[in-house]
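Chemist: Below are the C-alpha coordinates for one structure; questions will follow.
The values are calculated or read from the model by the stated rules, or taken from the named source; none is laboratory data. Since we're looking at a predicted model, the values are computed, not measured. Virtual Cβ from ideal backbone geometry, glycine too; neighbours counted across all protein chains shown. To get the accessible areas, we keep the full protein, side chains included, count just its heavy atoms, and leave off ligands, DNA and RNA. Shrake-Rupley method; radii C 1.70, N 1.55, O 1.52, S 1.80 Å.
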Amino acid sequence: MNQSPVEAAERSLSHEEQIWFSAFSHRRTVYSGERFRLRVQSTPAQAQGITGPLPRYVVLAGTGVGVSRTGLMSSSVLAVHEFNRVFSWGVPVVGLDEPESASAHTGNGLRQIVSAVSYVASAKPSPPSLTGDLVQDVRAVTNLTSAELAAVLGTSESEFRRWRSGDGTLPAEAERTLKALRAIASMLVGGLGPSGVRRWLVAEPDAPIDDLRRGQVDEVVRRAEAYGETLAT
Amino acid sequence: VTSAVEAAASAVELVSRTVEVYFRHVFIPSRGDPDPFRVLAGTGRWATPWTLYTAPEVHVVWAEYCRNAASDVDRADPTGGVGLSTTSLPVLAQVEVGDPLPRRALYRLTYRFGQVADLTTRANQQKLRDAGFDTTNFYADDYGLCPELAQAGADLGWQALIAPSAAWQPDGSCTAVLPGGRVALQRHQVVVEAARPTIGTAWATTYRSGERPGWLG
(Lines give C-alpha, C1' and ligand atoms only; values in the text may rest on other atoms or scores of the structure.)
Protein backbone atom coordinates (compact mmCIF):
# COMPACT_ATOMS: atom_id res chain seq x y z
CA MET A 1 0.00 0.00 0.00
CA ASN A 2 1.36 3.44 -0.89
CA GLN A 3 1.92 5.76 2.01
CA SER A 4 1.81 9.51 1.81
CA PRO A 5 4.92 11.26 3.17
CA VAL A 6 2.88 12.33 6.16
CA GLU A 7 1.70 8.80 6.87
CA ALA A 8 5.24 7.56 6.56
CA ALA A 9 6.38 10.21 8.99
CA GLU A 10 3.74 9.27 11.52
CA ARG A 11 4.65 5.60 11.31
CA SER A 12 8.30 6.37 11.89
CA LEU A 13 7.67 8.02 15.24
CA SER A 14 7.51 6.30 18.59
CA HIS A 15 4.26 6.15 20.51
CA GLU A 16 5.27 9.02 22.76
CA GLU A 17 6.04 11.14 19.80
CA GLN A 18 2.94 10.18 17.87
CA ILE A 19 1.23 13.15 16.42
CA TRP A 20 -1.70 13.99 14.30
CA PHE A 21 -0.14 15.69 11.40
CA SER A 22 -2.17 17.24 8.68
CA ALA A 23 -1.30 19.74 6.07
CA PHE A 24 -4.29 20.95 4.21
CA SER A 25 -5.05 24.25 2.61
CA HIS A 26 -6.77 25.70 5.64
CA ARG A 27 -6.34 29.35 6.26
CA ARG A 28 -5.44 28.79 9.86
CA THR A 29 -2.55 27.61 11.91
CA VAL A 30 -3.66 25.36 14.73
CA TYR A 31 -1.55 23.96 17.49
CA SER A 32 -3.12 22.03 20.33
CA GLY A 33 -2.14 19.82 23.18
CA GLU A 34 0.52 17.20 23.68
CA ARG A 35 -0.83 15.50 20.65
CA PHE A 36 -1.19 18.31 18.31
CA ARG A 37 -2.73 19.05 15.01
CA LEU A 38 -0.96 21.34 12.66
CA ARG A 39 -2.34 23.15 9.67
CA VAL A 40 -0.26 25.65 7.83
CA GLN A 41 -1.56 28.02 5.24
CA SER A 42 0.29 27.81 2.00
CA THR A 43 -0.47 27.38 -1.63
CA PRO A 44 0.87 25.09 -4.33
CA ALA A 45 2.13 28.20 -6.09
CA GLN A 46 4.25 29.01 -3.09
CA ALA A 47 5.48 25.47 -2.93
CA GLN A 48 6.53 25.53 -6.55
CA GLY A 49 8.52 28.66 -5.94
CA ILE A 50 10.71 26.92 -3.43
CA THR A 51 14.10 26.03 -4.79
CA GLY A 52 16.27 26.03 -1.72
CA PRO A 53 16.35 25.94 2.03
CA LEU A 54 13.53 27.39 4.03
CA PRO A 55 13.02 28.38 7.62
CA ARG A 56 12.59 25.59 10.07
CA TYR A 57 9.22 24.26 11.02
CA VAL A 58 7.43 24.93 7.76
CA VAL A 59 5.06 22.58 6.04
CA LEU A 60 3.87 23.27 2.56
CA ALA A 61 0.21 22.51 2.68
CA GLY A 62 -1.28 20.57 -0.15
CA THR A 63 1.99 18.97 -1.08
CA GLY A 64 2.54 16.81 1.96
CA VAL A 65 6.17 17.77 1.87
CA GLY A 66 8.00 18.80 4.98
CA VAL A 67 10.70 21.37 4.86
CA SER A 68 13.45 21.84 7.34
CA ARG A 69 16.17 24.39 7.66
CA THR A 70 18.48 22.09 5.83
CA GLY A 71 16.40 22.02 2.71
CA LEU A 72 13.51 20.44 0.90
CA MET A 73 12.94 16.97 2.29
CA SER A 74 12.04 13.97 0.23
CA SER A 75 10.48 12.61 3.37
CA SER A 76 8.62 14.45 6.10
CA VAL A 77 10.35 12.63 8.92
CA LEU A 78 12.89 15.25 9.87
CA ALA A 79 10.39 18.05 9.54
CA VAL A 80 7.97 16.22 11.78
CA HIS A 81 10.64 15.71 14.38
CA GLU A 82 11.44 19.38 14.14
CA PHE A 83 7.81 20.20 14.68
CA ASN A 84 7.68 17.86 17.61
CA ARG A 85 10.60 19.63 19.19
CA VAL A 86 8.88 22.94 18.81
CA PHE A 87 5.78 21.68 20.48
CA SER A 88 7.68 20.12 23.29
CA TRP A 89 8.67 23.67 24.11
CA GLY A 90 5.05 24.31 24.94
CA VAL A 91 3.52 26.36 22.19
CA PRO A 92 0.07 27.45 23.37
CA VAL A 93 -3.14 26.75 21.55
CA VAL A 94 -3.87 29.09 18.71
CA GLY A 95 -6.36 28.80 15.97
CA LEU A 96 -9.78 28.28 14.57
CA ASP A 97 -10.84 25.51 16.89
CA GLU A 98 -10.30 27.38 20.13
CA PRO A 99 -9.90 31.04 19.26
CA GLU A 100 -10.96 32.32 22.67
CA SER A 101 -8.33 30.28 24.46
CA ALA A 102 -5.59 31.66 22.33
CA SER A 103 -3.66 33.65 24.84
CA ALA A 104 -0.87 33.31 22.36
CA HIS A 105 -2.59 35.82 20.12
CA THR A 106 -0.55 38.50 21.74
CA GLY A 107 2.17 36.42 23.31
CA ASN A 108 5.20 34.37 22.55
CA GLY A 109 3.14 31.54 21.06
CA LEU A 110 2.04 33.60 18.13
CA ARG A 111 5.54 34.93 17.70
CA GLN A 112 6.69 31.33 17.44
CA ILE A 113 4.12 30.67 14.78
CA VAL A 114 4.95 33.88 12.94
CA SER A 115 8.57 32.88 12.85
CA ALA A 116 7.59 29.67 11.08
CA VAL A 117 6.19 31.46 8.05
CA SER A 118 7.93 34.79 8.03
CA TYR A 119 7.74 35.60 4.35
CA VAL A 120 5.79 34.95 1.20
CA ALA A 121 7.65 34.17 -1.99
CA SER A 122 6.32 35.63 -5.20
CA ALA A 123 7.29 35.98 -8.81
CA LYS A 124 9.96 38.51 -9.54
CA PRO A 125 8.28 41.40 -11.39
CA SER A 126 9.14 41.55 -15.07
CA PRO A 127 10.95 44.74 -16.03
CA PRO A 128 8.92 46.86 -18.46
CA SER A 129 10.28 47.61 -21.90
CA LEU A 130 11.18 51.22 -22.42
CA THR A 131 10.87 52.89 -25.80
CA GLY A 132 12.74 56.13 -25.28
CA ASP A 133 9.51 58.13 -25.43
CA LEU A 134 9.77 59.89 -22.10
CA VAL A 135 6.09 60.02 -21.18
CA GLN A 136 5.46 56.46 -22.33
CA ASP A 137 8.46 55.27 -20.37
CA VAL A 138 7.30 57.00 -17.21
CA ARG A 139 3.90 55.40 -17.58
CA ALA A 140 5.49 52.01 -18.20
CA VAL A 141 7.54 52.08 -15.01
CA THR A 142 5.05 53.85 -12.76
CA ASN A 143 1.53 53.05 -14.01
CA LEU A 144 0.66 56.65 -13.16
CA THR A 145 -2.38 58.07 -14.94
CA SER A 146 -2.33 61.21 -17.04
CA ALA A 147 -4.05 63.07 -14.24
CA GLU A 148 -1.43 61.94 -11.74
CA LEU A 149 1.41 62.85 -14.09
CA ALA A 150 -0.13 66.24 -14.72
CA ALA A 151 -0.37 66.80 -10.98
CA VAL A 152 3.29 65.91 -10.52
CA LEU A 153 4.17 68.47 -13.19
CA GLY A 154 1.97 71.09 -11.61
CA THR A 155 -0.34 71.44 -14.56
CA SER A 156 -3.80 70.40 -15.59
CA GLU A 157 -4.56 67.14 -17.33
CA SER A 158 -5.83 68.99 -20.38
CA GLU A 159 -2.68 71.07 -20.59
CA PHE A 160 -0.59 67.94 -20.21
CA ARG A 161 -2.50 66.32 -23.07
CA ARG A 162 -1.95 69.41 -25.22
CA TRP A 163 1.77 69.05 -24.70
CA ARG A 164 1.54 65.47 -25.79
CA SER A 165 -0.68 66.11 -28.80
CA GLY A 166 1.44 68.97 -30.10
CA ASP A 167 4.93 68.43 -31.41
CA GLY A 168 5.75 66.39 -28.35
CA THR A 169 7.97 69.03 -26.85
CA LEU A 170 7.62 69.35 -23.12
CA PRO A 171 8.53 72.42 -21.13
CA ALA A 172 12.09 72.05 -19.87
CA GLU A 173 11.14 71.80 -16.22
CA ALA A 174 8.48 69.17 -16.95
CA GLU A 175 10.95 67.17 -18.99
CA ARG A 176 13.49 67.26 -16.18
CA THR A 177 10.91 66.13 -13.64
CA LEU A 178 9.75 63.27 -15.85
CA LYS A 179 13.33 62.13 -16.44
CA ALA A 180 13.88 62.11 -12.70
CA LEU A 181 10.67 60.18 -12.19
CA ARG A 182 11.70 57.61 -14.79
CA ALA A 183 15.10 57.21 -13.14
CA ILE A 184 13.68 56.85 -9.65
CA ALA A 185 11.03 54.37 -10.77
CA SER A 186 13.67 52.35 -12.59
CA MET A 187 15.46 51.83 -9.29
CA LEU A 188 12.32 50.47 -7.67
CA VAL A 189 10.55 48.56 -10.39
CA GLY A 190 12.63 45.41 -9.88
CA GLY A 191 11.16 44.86 -6.43
CA LEU A 192 7.77 46.44 -6.93
CA GLY A 193 6.72 46.18 -10.56
CA PRO A 194 5.03 49.19 -12.20
CA SER A 195 1.82 48.98 -10.15
CA GLY A 196 3.84 48.72 -6.97
CA VAL A 197 5.91 51.73 -7.99
CA ARG A 198 2.71 53.71 -8.46
CA ARG A 199 1.58 52.70 -4.99
CA TRP A 200 5.01 53.59 -3.59
CA LEU A 201 4.70 57.06 -5.10
CA VAL A 202 1.16 57.86 -4.03
CA ALA A 203 0.56 55.97 -0.76
CA GLU A 204 0.10 58.18 2.28
CA PRO A 205 1.47 59.30 4.61
CA ASP A 206 4.58 60.99 3.29
CA ALA A 207 3.84 60.14 -0.32
CA PRO A 208 6.96 60.70 -2.42
CA ILE A 209 4.80 62.14 -5.18
CA ASP A 210 4.16 65.13 -2.93
CA ASP A 211 7.90 65.71 -2.67
CA LEU A 212 8.15 65.58 -6.45
CA ARG A 213 5.38 68.14 -6.76
CA ARG A 214 7.36 70.40 -4.47
CA GLY A 215 10.48 69.86 -6.54
CA GLN A 216 12.21 67.90 -3.80
CA VAL A 217 13.66 65.33 -6.16
CA ASP A 218 16.73 64.69 -4.02
CA GLU A 219 14.58 63.57 -1.09
CA VAL A 220 12.78 61.03 -3.26
CA VAL A 221 16.07 59.79 -4.69
CA ARG A 222 17.39 59.35 -1.16
CA ARG A 223 14.37 57.28 -0.19
CA ALA A 224 14.68 55.11 -3.30
CA GLU A 225 18.41 54.56 -2.90
CA ALA A 226 17.98 53.49 0.70
CA TYR A 227 16.62 50.14 -0.47
CA GLY A 228 20.01 49.27 -1.89
CA GLU A 229 21.40 48.50 1.54
CA THR A 230 20.55 45.70 3.95
CA LEU A 231 20.83 47.17 7.40
CA ALA A 232 20.77 45.77 10.86
CA THR A 233 18.85 48.24 12.88
CA VAL B 1 37.09 54.91 18.49
CA THR B 2 37.57 55.87 22.12
CA SER B 3 39.96 54.03 24.37
CA ALA B 4 37.08 52.86 26.55
CA VAL B 5 35.39 51.15 23.64
CA GLU B 6 38.72 49.69 22.54
CA ALA B 7 39.11 48.25 26.03
CA ALA B 8 35.62 46.79 25.87
CA ALA B 9 36.32 45.20 22.49
CA SER B 10 39.58 43.78 23.80
CA ALA B 11 37.76 42.12 26.67
CA VAL B 12 35.48 40.13 24.39
CA GLU B 13 36.25 36.44 24.14
CA LEU B 14 36.44 35.24 20.57
CA VAL B 15 35.37 31.88 19.24
CA SER B 16 35.76 30.09 15.97
CA ARG B 17 32.84 28.70 14.06
CA THR B 18 32.85 25.86 11.66
CA VAL B 19 30.47 26.11 8.77
CA GLU B 20 27.58 28.40 9.60
CA VAL B 21 24.69 29.53 7.45
CA TYR B 22 23.34 33.02 7.48
CA PHE B 23 20.53 34.69 5.60
CA ARG B 24 20.27 38.13 4.06
CA HIS B 25 17.54 40.00 2.23
CA VAL B 26 18.80 41.77 -0.84
CA PHE B 27 17.66 44.57 -3.14
CA ILE B 28 16.23 43.40 -6.46
CA PRO B 29 17.48 45.46 -9.41
CA SER B 30 15.28 46.08 -12.43
CA ARG B 31 17.58 43.98 -14.59
CA GLY B 32 20.29 41.51 -13.76
CA ASP B 33 20.85 39.57 -10.58
CA PRO B 34 20.76 40.95 -7.06
CA ASP B 35 24.15 41.53 -5.46
CA PRO B 36 24.12 39.94 -2.01
CA PHE B 37 27.43 41.60 -1.14
CA ARG B 38 26.45 45.15 -1.93
CA VAL B 39 27.07 47.33 1.11
CA LEU B 40 27.14 51.02 1.81
CA ALA B 41 30.19 51.98 3.82
CA GLY B 42 29.60 53.25 7.31
CA THR B 43 25.92 52.43 7.60
CA GLY B 44 23.86 50.56 10.15
CA ARG B 45 24.35 49.61 13.76
CA TRP B 46 27.67 47.87 13.23
CA ALA B 47 29.09 50.28 10.71
CA THR B 48 32.62 49.84 9.43
CA PRO B 49 33.97 50.58 5.96
CA TRP B 50 32.48 47.21 4.94
CA THR B 51 29.84 45.51 7.06
CA LEU B 52 27.57 42.82 5.67
CA TYR B 53 24.42 42.37 7.73
CA THR B 54 22.98 38.88 7.99
CA ALA B 55 21.03 36.80 10.48
CA PRO B 56 21.10 33.10 11.31
CA GLU B 57 17.30 32.89 11.35
CA VAL B 58 15.13 33.82 8.39
CA HIS B 59 12.38 35.43 10.44
CA VAL B 60 14.92 37.79 11.99
CA VAL B 61 16.04 38.82 8.50
CA TRP B 62 12.49 39.82 7.61
CA ALA B 63 11.91 41.53 10.93
CA GLU B 64 15.02 43.62 10.34
CA TYR B 65 13.61 44.57 6.96
CA CYS B 66 10.28 45.60 8.49
CA ARG B 67 12.01 47.70 11.12
CA ASN B 68 14.20 49.38 8.56
CA ALA B 69 11.29 50.01 6.17
CA ALA B 70 8.73 50.92 8.81
CA SER B 71 7.25 53.76 6.79
CA ASP B 72 6.53 51.42 3.87
CA VAL B 73 5.00 48.84 6.20
CA ASP B 74 2.85 51.65 7.54
CA ARG B 75 1.80 52.79 4.08
CA ALA B 76 1.05 49.22 3.01
CA ASP B 77 -1.76 48.91 5.59
CA PRO B 78 -3.52 45.76 4.32
CA THR B 79 -6.44 46.37 6.68
CA GLY B 80 -7.68 49.46 4.87
CA GLY B 81 -7.42 51.56 7.98
CA VAL B 82 -9.24 49.10 10.23
CA GLY B 83 -6.10 47.83 11.92
CA LEU B 84 -5.24 44.38 13.18
CA SER B 85 -7.17 42.86 16.04
CA THR B 86 -6.64 39.75 18.13
CA THR B 87 -9.30 38.13 15.98
CA SER B 88 -7.95 39.10 12.57
CA LEU B 89 -4.26 38.71 13.32
CA PRO B 90 -4.20 34.88 13.37
CA VAL B 91 -6.07 34.85 10.07
CA LEU B 92 -3.91 37.45 8.35
CA ALA B 93 -0.58 36.54 9.94
CA GLN B 94 0.64 34.56 6.94
CA VAL B 95 -0.48 37.02 4.29
CA GLU B 96 2.28 39.13 2.80
CA VAL B 97 2.71 42.81 3.49
CA GLY B 98 1.98 44.17 0.02
CA ASP B 99 2.83 47.28 -1.94
CA PRO B 100 4.50 49.66 -1.52
CA LEU B 101 6.95 47.53 0.46
CA PRO B 102 9.44 46.36 -2.18
CA ARG B 103 10.08 42.64 -2.58
CA ARG B 104 13.55 41.43 -1.69
CA ALA B 105 15.61 38.44 -2.73
CA LEU B 106 16.63 36.08 0.06
CA TYR B 107 20.16 34.70 0.02
CA ARG B 108 21.91 32.03 2.02
CA LEU B 109 25.55 32.70 2.84
CA THR B 110 27.86 30.08 4.26
CA TYR B 111 30.87 31.19 6.29
CA ARG B 112 33.66 29.56 8.24
CA PHE B 113 34.85 32.16 10.73
CA GLY B 114 37.99 31.85 12.79
CA GLN B 115 37.44 34.89 14.99
CA VAL B 116 33.87 35.64 15.94
CA ALA B 117 32.74 37.90 18.76
CA ASP B 118 29.50 36.46 20.06
CA LEU B 119 27.99 39.38 21.93
CA THR B 120 24.83 37.45 22.74
CA THR B 121 26.51 35.36 25.43
CA ARG B 122 26.15 36.33 29.06
CA ALA B 123 29.89 36.05 29.54
CA ASN B 124 30.76 38.49 26.80
CA GLN B 125 27.99 40.89 27.77
CA GLN B 126 29.35 40.89 31.31
CA LYS B 127 32.86 41.53 30.00
CA LEU B 128 31.55 44.47 28.00
CA ARG B 129 29.73 45.90 31.00
CA ASP B 130 32.77 45.40 33.20
CA ALA B 131 34.74 47.39 30.67
CA GLY B 132 32.17 50.18 30.78
CA PHE B 133 30.22 49.39 27.64
CA ASP B 134 26.48 49.67 28.24
CA THR B 135 24.86 46.71 26.51
CA THR B 136 21.57 48.59 26.14
CA ASN B 137 23.39 50.15 23.19
CA PHE B 138 22.43 46.97 21.32
CA TYR B 139 18.85 48.22 21.16
CA ALA B 140 19.38 51.98 21.02
CA ASP B 141 17.49 53.59 18.18
CA ASP B 142 20.49 55.79 17.38
CA TYR B 143 22.84 52.76 17.58
CA GLY B 144 24.69 54.33 20.53
CA LEU B 145 28.30 53.18 20.67
CA CYS B 146 27.71 50.07 18.57
CA PRO B 147 29.48 51.41 15.46
CA GLU B 148 32.51 52.27 17.58
CA LEU B 149 32.55 48.80 19.07
CA ALA B 150 32.33 47.25 15.61
CA GLN B 151 35.22 49.35 14.36
CA ALA B 152 37.29 48.56 17.43
CA GLY B 153 36.55 44.88 16.93
CA ALA B 154 37.43 45.03 13.26
CA ASP B 155 40.73 46.64 14.22
CA LEU B 156 41.35 43.74 16.61
CA GLY B 157 40.76 41.19 13.89
CA TRP B 158 37.15 40.21 14.49
CA GLN B 159 35.82 38.62 11.34
CA ALA B 160 32.23 38.89 12.45
CA LEU B 161 30.16 39.73 15.45
CA ILE B 162 26.93 38.19 16.61
CA ALA B 163 24.64 40.57 18.45
CA PRO B 164 21.07 40.70 19.68
CA SER B 165 18.62 41.86 17.05
CA ALA B 166 16.84 45.08 17.87
CA ALA B 167 14.09 44.04 15.50
CA TRP B 168 13.31 40.61 16.97
CA GLN B 169 13.47 40.96 20.71
CA PRO B 170 14.39 39.36 22.98
CA ASP B 171 15.82 36.25 21.37
CA GLY B 172 16.73 37.20 17.79
CA SER B 173 20.30 37.74 16.72
CA CYS B 174 22.14 39.29 13.82
CA THR B 175 25.52 38.48 12.41
CA ALA B 176 27.51 41.37 11.06
CA VAL B 177 30.36 40.24 8.82
CA LEU B 178 33.23 42.68 9.22
CA PRO B 179 35.95 43.46 6.66
CA GLY B 180 38.20 40.67 7.95
CA GLY B 181 35.42 38.16 7.45
CA ARG B 182 35.12 38.57 3.71
CA VAL B 183 37.67 35.84 3.15
CA ALA B 184 35.65 33.42 5.29
CA LEU B 185 32.88 33.08 2.74
CA GLN B 186 32.42 29.50 1.60
CA ARG B 187 29.48 29.84 -0.73
CA HIS B 188 26.35 31.81 -1.40
CA GLN B 189 23.12 30.94 -3.09
CA VAL B 190 19.72 32.43 -3.67
CA VAL B 191 16.91 30.95 -1.60
CA VAL B 192 14.03 32.95 -3.04
CA GLU B 193 14.22 35.40 -5.93
CA ALA B 194 11.51 37.67 -4.63
CA ALA B 195 9.59 37.74 -1.37
CA ARG B 196 8.02 39.99 1.19
CA PRO B 197 7.53 39.59 4.93
CA THR B 198 4.20 38.41 6.24
CA ILE B 199 1.81 40.54 8.24
CA GLY B 200 2.67 38.36 11.21
CA THR B 201 6.33 39.22 10.88
CA ALA B 202 5.51 42.91 10.63
CA TRP B 203 3.39 42.54 13.75
CA ALA B 204 6.07 40.74 15.75
CA THR B 205 8.83 43.18 14.80
CA THR B 206 10.11 45.67 17.32
CA TYR B 207 10.30 49.10 15.72
CA ARG B 208 12.17 52.24 16.63
CA SER B 209 10.41 54.44 19.12
CA GLY B 210 7.40 56.09 17.50
CA GLU B 211 7.78 54.18 14.23
CA ARG B 212 5.54 51.14 14.81
CA PRO B 213 2.88 51.30 12.10
CA GLY B 214 -0.47 52.15 13.63
CA TRP B 215 -2.42 49.43 11.84
CA LEU B 216 -0.35 46.73 13.58
CA GLY B 217 -1.94 47.67 16.89
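Chemist: To one decimal place, what Kirkwood hydrodynamic radius in Å is obtained for region B:83-134 from all pairs of distinct Cα atoms? Before the final figure, lay out each step's value.
Modeler: Values: mean 1/r = 0.0619 Å⁻¹.
One decimal place: 16.2 Å for the Kirkwood radius.
Chemist: Scaled to the compact-protein estimate 2.2 N^0.38 Å, what is the alpha-carbon radius of gyration of region A:141-198, rounded to two decimal places? Don't skip to the answer; put the middle values down first.
Modeler: Details: Rg = 11.9 Å, N = 58, 2.2 N^0.38 = 10.3 Å.
That ratio works out to 1.16.
Chemist: Let me ask something additional. Convex hull volume of the Cα atoms in region B:17-63, per residue, in Å³? Don't jump to the answer; show the numbers that get you there.
Modeler: On the way: hull volume 5.2 nm³, N = 47.
Convex hull volume per residue, Cα atoms: 111 Å³.
Chemist: Find the accessible area per residue for region B:28-181; the probe is 1.4 Å, ligands and nucleic acids are left out, and the unit is Å².
Modeler: I get 34 Å² per residue for this part.
Chemist: Right, next: Indicate the residues belonging to region A:203-233 that lose 50 Å² or more of solvent-accessible heavy-atom surface (probe 1.4 Å) upon moving from the chain alone to the assembly of all protein chains, ignoring ligands and nucleic acids.
Modeler: Correct list: A:Tyr227, A:Gly228, A:Glu229, A:Thr230, A:Leu231, A:Ala232, A:Thr233.
Chemist: Further question on the same structure: Tally Lys and Arg at +1 and Asp and Glu at -1 over the other residues with C-beta under 13 Å from the C-beta of A:Arg198: what net charge comes out?
Modeler: On the way: positive: A:Arg139, A:Arg199, B:Arg75; negative: A:Glu148, B:Asp99.
Taking every Cβ under 13 Å from that of A:Arg198, the sum is +1.
Chemist: With the contact rule set at Cα under 8 Å and sequence spacing of 6 or more, what percent relative contact order holds for region B:1-159?
Modeler: Numbers: 209 pairs, mean separation 73.0, N = 159.
Here the relative contact order equals 46 percent.
Chemist: Here's another thing I want to ask about it. Once the principal axes of the Cα atoms of region B:79-201 are found, what is the range along each, listed largest first in whole angstroms?
Modeler: The principal-axis extents, from largest down, are 50, 35, 22 Å.
Chemist: In addition: Between B:Ala166 and residues 5 or more places away or on another chain, which pairs have amide H atoms under 5 Å apart, with H built 1.01 Å from N, and which residues are they?
Modeler: Under 5 Å from the amide H of B:Ala166 lie the amide H atoms of A:Thr233, each far enough along the sequence or on another chain.
Chemist: Rg to Rh ratio, region B:52-120, alpha-carbon atoms and Kirkwood radius?
Modeler: Working: Rg = 15.9 Å, Rh = 14.7 Å.
In region B:52-120, Rg relative to Rh is 1.09.
Chemist: Ballpark to the nearest 100 Å², how much total accessible area do B and A bury together, probe 1.4 Å? All intermediate terms of the calculation are to be shown ahead of the outcome.
Modeler: Numbers: alone 10550 and 13870 Å², together 19140 Å².
Roughly 5300 Å² of accessible surface disappears when B and A pair.
Chemist: In debye to the nearest 20, how big a dipole does chain B give about its Cα centre with +1 on each Lys and Arg Cβ and -1 on each Asp and Glu Cβ?
Modeler: On the way: 19 positive and 22 negative charges, 97 e Å.
Once rounded to the nearest 20, the dipole reads 460 debye.
Chemist: May I ask for the net charge around B:Ala167, where only other residues with Cβ less than 10 Å from the Cβ of B:Ala167 are counted and Lys, Arg are +1 while Asp, Glu are -1?
Modeler: Values: positive: B:Arg67, B:Arg208; negative: B:Glu64.
Counting the neighbours of B:Ala167, the net charge comes to +1.
Chemist: For region B:23-154, restrict the atom set to alpha-carbon positions and state the Rg and Dmax in Å.
Modeler: 17.8, 50
Chemist: Given the -39500 (n - 2.57) contribution per DSSP H run of 4+ residues, what per-residue ellipticity at 222 nm results for chain B, rounded to the nearest 500 deg cm²/dmol? Could the numbers behind the result be given before it?
Modeler: Details: 7 runs with 56 residues, N = 217.
So the helix-based figure for chain B works out to -7000 deg cm²/dmol.
Chemist: How big is D, in µm² s⁻¹, for region A:133-233 by Stokes-Einstein at 20 °C and 1.002 mPa s if Rh is the Kirkwood radius over C-alpha pairs? Let's see the in-between values first.
Modeler: Working: Rh = 13.9 Å.
Using the Kirkwood radius from Cα pairs, D works out to 154 µm²/s.
Chemist: For A:Thr131, tell me the accessible area in Å² from a 1.4 Å probe, rounded to the nearest 10.
Modeler: Its accessible surface works out to 90 Å², give or take rounding.
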